[in-house]
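In what follows, a single structure is set out as structure tokens and then discussed.
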Amino acid sequence: MNIAGERGNVSGPYRDGATDPASGELGAEEVWQEPVDRLLIRLATTRTGLASTEVQSRLATHGPNDAATIKRSPLWLQFLARFRNPLVIILLVASALSAATGDVASFVVVVTIVTISMTLDFVQEVRAQNAVEALRRSVAVQATVRRDGTSLSVPIDQLVPGDIVELIAGDLVPADSRLLESRDLFVNQALLTGEPYPAEKRAGDAALGAENPAGASNAVFAGTSVISGTATIVICRTGGKTALGHLATSLAEKPPATAFAVGIRRFGMLIMRLTVLMVLFVRVVNISFHRPVPESLMFALALAVGLTPELLPMIVTVTLARSAMELAKRKVIVKRLSAIHDLGAMNVLCTDKTGTLTEATIKLVRAVDGHGTESQRAYVYAYVNSRFESGMKSPLDEAILAAHPFDMTGWTKIDEVPFDFERRRVSVLVEHDGRRRLIVKGAPEDLLRLSEQYEDAAGAERALDAETHRAFEATLEALSVQGFRALGIASRSVDTSHKTAAITDEISLVFSGFAVFLDPPKASAGETIQAMAAAGISMKVLTGDNELVTRHVFAEIGVPVTGVLTGEALTQLSEEALIGQLPRVNLFCRVNPQQKHRVLMALKRVGHVVGFMGDGINDAPALHAADVGISVDGAADVARAAADLILLEHDLSVVREAVLYGRRTVQNVSKYVLMGSSSNFGNMFSMAGAALFLPFLPMLPIQILLNNLLYDVSEIAIPFDQVDQEAVAAPVKWDVRLIEKFMLVFGPVSSIFDFLTFYALLSLFGAGEALFQTGWFIESMTTQILVVFAIRTRRRFYRSKPHPFLVTMALGSVTAAAVLPLLPLGRWFGFVTPPPLFFVYLIGATVAYLALVEVSKVVFYRILAPR
């Protein structure tokens, strides 16, 4: 969300001035205009932080520090909310009216069945939601806060006004805050201002740029992130009371619904429309035949409740939650449940090279001059630059500092120009032995371009002529061909009056040499990429490294490079030209964050479901843009906050496992939907036919509700079912057209055997009202539940092993339906004992029905829905 156009409104929420000081809340102007010491007094805090007891009190007053938090109702209210379904309310009222006329037994049975069904749904869904919430909290973004005189990490939603928080590069700013201390602090506040460049912030009582809240130089705001430097802040506003929180209410847009969510909604609406048509038809027929109004109304309402797919939300939630918990065992934490479906549909994965194709154990192997000779000066300058750099240390910086110690005595930092992904370099202005020098470290090609001189082996500065320039480029190319990564090191002397560093100082440099690194290829990467390809997922590597280094890694792991695009070439391509290149190219080199984002959007534009795997500050835009954003536990806060999945191990094979779970999830939800659509559509035909020729109701209202309850119980096990291997061999997308075709084919197949049962009950068994209702109840339950074993697989049903839990629940429900009419309890539901020959008929009819379903299934998947 870019709210640059609403700057005038940013300060709006604060213009009402400060509230009661005891509340710990301040108006926006007070955040940056009041002297720090007075501000701390107003917030009733100190630089050592709050006491834990005070934190709990303030948390109760202000609530969680999360602008998007929706306060949950108590569980008992959530449970009662289940009864707000209009159909259920009318049904209960109608049954109460029946009780008032003397039919108390039916009222008790209806209330009991509805309550059991609602409880079953509620318990399953709440348990699933609680389990997923616990997983999310395990990877919640943390802040370093001072409490009780010590520093500790807490989730950012537990911060309160008055908390003292320490920030470093890569951190998210957790709330609207005033700077107490800062050092070389640069903040990305594009979310608030729309400006893409980092803004410098400094602690102090005077606020520069205070005409716009986000521009105040001595304050930082929720929704921004630290690019470089460090700071200590005091939190002034949290949650929905921040500038971003106030605007989020009116400006925040919901993310577009996924294909999975749209498909579920379309299916639900389809069934609801069919249900309404069916109920109206049955109601008209009953009125035409002058049947009792209360009984007809109860039947219509019970039919509506029975046909409504009220279990669908629970099945979806439990299935997704179970997959999330299984993935957690494999060290993948799911932050957004619907991302599991997107994983199943993903057919392109974009990733960086480091940690995915390589071991991410980067080591500095040597520092050399432009001719490839060992150079102590190049190492010293690289070390000083990395040591003084205040931004988030990259793995290359860590490797330089870990190589071997260097005595920094006598070196003093004066200023810094932080790293950014456009310049691809960082500069520090230092003083040593009374002389000042700007030391620059970054992309070697750029530093060579900016250099006019070089240092020879004796340390003398010589002109960097064209021939020497070509020799240095050859050295870089030779290193790259061998798989080494390199950083360029350059510097320039400046006058002692030079007190600040700027981008404009990065000219006329003296080239010192290269820092040379080795990151060994990951032995398992080649096999994993091949396995991903076999599963229908193409890999595209988006890296900041040059082409030669990355080609070497590809060769080492045995993966062919099918095409290459560099960042420079990418800038020359139109959108149409880029789309034309996408099928061929699997390696993008020297690309910046904006170019990564552009590649992802182009892939999505041509219909791919795209995943992106990244862990750096610069990866947040791409993680947001991808259908599935994947990061790792040690990533920068901004990357983890943007990701949908967090890997506790940086391993591509874990992603492949997660993809398979995503596909299993979609397949299991599809089982319930296919069963529900075919059985409900079949019941429509059966009810319509029965209503036309029967002089009585084909099934009592309480029998319909009992049918619905037992069916729901049998379906609880679907989230646990096993999935055939070939069903997860390729990306799985939600296919509403398949569901509609399936319903139109298998619904009538179900009705054929319902009508056959009607004939058998009336002609063979001479059934009256009670026996007819009992017989159809048993036959309907048996065929409706057992068909799951045929529908759950494209194979012959006996060649696909269902989960034991599914078998137990299905057979248990069928047994209950068959045995209940034989028990005294069955009288409460209007059942009578069927003749023994009926059960012989039931077995034959069920076998014939399942056989016809099997034949229809083969024809359906071969002609109407081939893979």
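The values are calculated or read from the model by the stated rules, or taken from the named source; none is laboratory data. Values in this document were obtained by computation on a predicted structure and should not be read as measured data. FYI the Cβ positions are ideal-geometry reconstructions off the backbone, even for glycines, and counts take in every protein chain you see. Just the protein is used for accessible areas: all its heavy atoms, side chains included, with ligands, DNA and RNA removed. Shrake-Rupley method; radii C 1.70, N 1.55, O 1.52, S 1.80 Å.
For Ser800, Ser153, the ranking by accessible surface with the largest value first comes to Ser153, Ser800, using a 1.4 Å probe. Residues in the stretch 395-401 carry Karplus couplings, in order, of x, 5, 4, 4, 5, 5, 5 Hz; the curve used is 6.51 cos²θ - 1.76 cosθ + 1.60 with θ = phi - 60°, and Gly or Pro positions show x. With Cα atoms as the point set, the stretch 679-778 shows a radius of gyration and Dmax of 17.3, 53 Å. Think of each Lys and Arg Cβ as +1 and each Asp and Glu Cβ as -1; about the Cα centre, that makes the dipole of the stretch 411-528 roughly 280 debye.
Diffusion coefficient (Stokes-Einstein, Kirkwood radius over C-alpha pairs, 25 °C, 0.890 mPa s) for the stretch 580-664: 183 µm²/s, rounded to a whole number. Report the Stokes-Einstein translational diffusion coefficient (µm² s⁻¹, integer) for the stretch 758-867, Rh taken as the Kirkwood radius over Cα pairs, at 4 °C with viscosity 1.567 mPa s. Value of D from the Cα-based Kirkwood radius: 84 µm²/s.
For Ser538, the amide hydrogen comes within under 5 Å of the amide hydrogens of Val348, Leu349, counting only partners 5 or more places away or on other chains and with H modelled in the peptide plane. Along the stretch 407-415 the Karplus relation, 6.51 cos²θ - 1.76 cosθ + 1.60 evaluated at θ = phi - 60°, assigns HN-Hα couplings of 6, 8, 4, x, 9, 10, 8, 9, 7 Hz to successive residues, with x for each Gly and Pro. Cα gyration tensor of the stretch 310-352, axes a ≥ b ≥ c as square roots of the eigenvalues: rounded (a/c below 1.5), prolate (a/b > b/c) or oblate? The shape class here is oblate. If one computes the Cα centroid of the stretch 330-387 and of the stretch 727-783, what distance in Å separates the two points? Cα centroid of the stretch 330-387 versus Cα centroid of the stretch 727-783: 57 Å apart. Heavy-atom accessible surface of His552, to the nearest 10 Å², is about 50 Å², with a 1.4 Å probe and all protein chains retained. Here the spin labels are modelled as points 7 Å beyond Cα on the Cα-Cβ line, and at Ser151 and Glu527 they lie 4.3 nm apart. Taking Lys and Arg as +1 and Asp and Glu as -1, the other residues whose beta-carbon sits under 11 Å from that of Val749 total -1. Along the Cα-to-C-beta direction of Thr48, a point sits 7 Å from the Cα; which residues of the stretch 154-193 have their amide N less than 18 Å from that point? Backbone N within reach: 162-166. Between Val365 and Val516, Phe517, Leu518, the built amide H atoms are under 5 Å apart, and every one of these is 5 or more places off in sequence or on another chain.
Projected onto their three principal axes, the Cα atoms of the stretch 473-608 cover extents of 62, 34, 24 Å, largest first.
When only alpha carbons are used to place a centre, the stretch 569-615 and the stretch 822-847 end up 64 Å from one another. Rolled with a 1.4 Å probe across the full set of protein chains, the surface gives Asp505 an accessible area near 20 Å².
Hull volume per residue, based on the alpha-carbon atoms of the stretch 635-711 and their convex hull, is 137 Å³.
Accessible surface comparison of Arg424, Arg265, probe 1.4 Å, protein chains only, largest first: the order is Arg265, Arg424.
For the stretch 767-789, backbone nitrogen atoms closer than 15 Å to the point 7 Å from Leu822 Cα along Cα-to-C-beta are found at 775, 778-779. Annotation: amide H of Gly223 within the under-5 Å range of Val173, sequence separation 5 or more or interchain, hydrogens built in the peptide plane. Principal semi-axes of the equivalent ellipsoid, √(5λ) from the alpha carbon gyration tensor of the stretch 462-501, are 29, 16, 5 Å from largest down. Calculated on the Cα set of the stretch 508-587, radius of gyration then Dmax: 15.7, 52 Å.
Between Glu181 and Met325, take the C-beta separation as r, use R0 = 51 Å, and let me know the FRET efficiency to the nearest 0.05. So the FRET efficiency works out to roughly 0.75. Report the net charge of residues surrounding His650, where surrounding means a beta-carbon distance below 11 angstrom and charges are Lys +1, Arg +1, Asp -1, Glu -1. Once all neighbours under 11 Å are counted, the net charge is -4. Over the stretch 328-444, the reciprocal of the mean inverse Cα-Cα separation, the Kirkwood hydrodynamic radius, stands at 17.4 Å. Can you give me the Cα centroid spacing of the stretch 500-514 and the stretch 633-661 in angstrom? For the stretch 500-514 versus the stretch 633-661, the Cα centre distance is 38 Å.
Taking all protein chains together and rolling a 1.4 Å probe, Lys363 ends up with roughly 140 Å² accessible.
Phi-derived couplings, Karplus 6.51 cos²θ - 1.76 cosθ + 1.60 at θ = phi - 60°, listed residue by residue for the stretch 217-234: 6, 10, 9, 10, 10, 4, x, 9, 9, 7, 8, 7, x, 9, 7, 10, 10, 10 Hz, with x used for Gly and Pro. Charged neighbours of Ile503, selected by a Cβ distance under 14 Å, balance to -4 (K, R count +1; D, E count -1). With contacts taken as Cα pairs under 8 Å and at least 6 residues apart, the stretch 541-660 reaches a relative contact order of 18 percent.
Ordered by solvent-accessible area of protein heavy atoms (1.4 Å probe), largest first, the residues Arg366, Arg449 come out as Arg449, Arg366. Which shape class, rounded, prolate or oblate, goes with the stretch 365-524 when its Cα gyration tensor gives a ≥ b ≥ c as root eigenvalues, a/c under 1.5 marks rounded, and past that a/b bigger than b/c marks prolate? Oblate shape, in that a/c is at least 1.5 and b/c is the bigger or equal ratio.
Projecting the Cα atoms of Leu518, Gln453, Gly536 onto the charge dipole of the stretch 447-559 (Cβ charges, centred on the Cα centre) puts Gly536 farthest toward the positive pole. For a paramagnetic label modelled on Ile507 (point 7 Å from Cα along Cα→Cβ), amide N atoms under 17 Å away belong, within the stretch 467-491, to 491.
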